[in-house]
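Student: If you scroll down you'll find the structure; I have some questions about it.
Derivation of every value follows stated rules applied to the coordinates shown; laboratory data play no part. The structure displayed is predicted, hence computed values, not measured ones. Cβ sites come from the backbone with ideal geometry, for glycine too, and all protein chains shown count toward neighbours.
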């Protein structure tokens, strides 16, 4: 269940401490920025929340691999724009199916080979598939995504692989 | 003048957002099994959330509230597929196989 725990490519203890600190500072900054209030009760709640999040992150092996692996760049924004277009398109398609007098379903389960992508890109692809209505990532395992599609057309579009190519292009250097 | 334009755009977004939430709800009721219901519900999750929150952002204008709303939208779009994936995986582990108990379809279900 937990691949991060299997390959202990852990950074040194100094690097690990720096990652803990950066993560904690980021959480505290986020809390103060979003809350904007400095009453003792709210600050205490914030401290407890931050500590809880750090504890959970450590427990799920977040610091065992590279932290802050998701880097932002302009191509990510371009991908989001394309994804938004896809979400609108497939939402209309699902809305048409839902509102039709008779439900016209042709569900398919397809397996997509994503072994060429880095783990972060695999997550981006899996989540993007789930985010577009009509396709749903069931399982991600061993470089393969198991995807459930509402219609045969949706499954075919996925197997054609445009989304995979666009995800692969985000972090290509 | 600009205020009216933003108001109209905002109300259009909110109306269509509300409509997608409604369609997602209808779909979740009409679909035959868990996985197809999740497909319908994801209209609410993605398009509904995007339209409603963008509409509210236009109401808030260039304030801190808009930045907070944008952050809420970002986190929602990051976490909701993760939750869907957890639900789908849990359903499969519990023996709810997709494509077997879907009744009204032309799929390769036995």
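Student: Round to a whole angstrom and tell me the spacing of the C-alpha centers of the range B:54-87 and the range A:120-135.
Tutor: Between the Cα centre of the range B:54-87 and that of the range A:120-135, the gap is 18 Å.
Student: Taking a temperature of 10 °C and a viscosity of 1.306 mPa s, what whole-number D in µm²/s does Stokes-Einstein yield for chain A with Rh from Kirkwood over alpha carbon pairs?
Tutor: It comes out at roughly 83 µm²/s.
Student: If you rank B:73, A:138 by fewest surrounding Cβ atoms within 10 Å, what's the result?
Tutor: Ascending number of Cβ neighbours within 10 Å: B:73, A:138.
Student: What ratio of Cα Rg to 2.2 N^0.38 Å holds for the range B:2-93?
Tutor: It is 1.26.
Student: What list do you get for B:13, B:87 if you sort them by fewest beta carbons within 10 Å?
Tutor: Lowest to highest Cβ neighbour count: B:87, B:13.
Student: What do the square roots of 5 times the Cα gyration tensor eigenvalues come to for the range A:74-170, in whole Å, largest first, as semi-axes of the equivalent ellipsoid?
Tutor: After diagonalising the Cα gyration tensor, the semi-axes are 24, 16, 9 Å.
Student: Compute the distance in nm between two label points, each set 7 Å from the Cα along the Cα-to-Cβ direction, one at residue B:87 and one at residue B:75.
Tutor: 2.0
Student: Using Cβ counts within 10 Å as a stand-in for footprinting exposure, how do A:110, B:43, B:52 rank, fewest first?
Tutor: A:110, B:52, B:43
Student: Suppose only helical runs count, i.e. DSSP H with n ≥ 4. What mean residue ellipticity at 222 nm does that imply for chain A under -39500 (n - 2.57) per run, divided by all residues and rounded to the nearest 500 deg cm²/dmol?
Tutor: Here the helix-only value at 222 nm equals -19500 deg cm²/dmol.
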